[in-house]
1. For a test of understanding, tell me how many lysine pairs in the stretch 2-111 have Cα atoms under 14 Å apart, given they are 8 or more places apart or on different chains.
2. What is the angle, in °, between the Cα long axis of helix 13-22 and the longest principal axis of the Cα atoms in the chain? Nearest 10 is fine, range 0 to 90.
3. No solvent, one uniform scatterer per C-alpha: report log10 I(q)/I(0) for the chain via the Debye equation at q = 0.10, 0.16 1/Å, two decimals.
4. Counting Lys and Arg as +1 and Asp and Glu as -1, what is the net charge of the other residues whose Cβ lies under 12 Å from the Cβ of ALA16?
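All of the numbers you see were taken from the coordinates with simple rules; none came from a lab. Note that the structure is a prediction, hence the values are computed from the model and not measured. Counting neighbours? That spans all protein chains shown, and the Cβs are built from the backbone with ideal geometry, glycine included.
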Amino acid sequence: MKLIIAIIKPFKLEEAKEALSQLGIQGMTVTEVKGFGRQKGHTEIYRGSEYTVDFLPKIKLEIVLPDDRVEATTAAIVRTAKTGKIGDGKVFIFHVEEAVRIRTEERGAQAV
Ligand SMILES: Nc1ncnc2c1ncn2[C@@H]1O[C@H](COP(=O)(O)OP(=O)(O)OP(=O)(O)O)[C@@H](O)[C@H]1O
Ligand SMILES: [Mg+2]
């Protein structure tokens, strides 16, 4: 199993969700977050030297899924979340050790 964490622009959430639903994704967690990338939201020069870093609103998607679904899922997120402009976001992929469905106590791939 893998965990995909994707940070995307908020207005892309519906489109991404739609594409993921069509891929048969069984579950995901969505959180409103704030962050910055290389442009640091935007940078202001203040009195010649000081600057402020602004956090911009983003959406974080967390999806745990079998290894063989990672590539198609990542591709769907990239395809739907991309505008080609700065701030489109990132996809991070992690190994998942274990999962438990609390209701049934199923474990591993059966639980996701
Ligand atoms: N290295 C990172 N670690 C954790 N979160 C990150 C990282 N880089 C980006 N993010 C998250 O993704 C959001 C969007 O990042 P963004 O797409 O602006 O990255 P970037 O590297 O600046 O790329 P671009 O040049 O296309 O803007 C950030 O607001 C932040 O929430
Ligand atoms: Mg950026």
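1. Number of lysine pairs found: 22.
2. The two axes meet at around 20 degrees.
3. Treating every Cα as an identical point scatterer, log10 I(q)/I(0) equals -0.37, -0.76.
4. For residues surrounding ALA16, the net value is +2.
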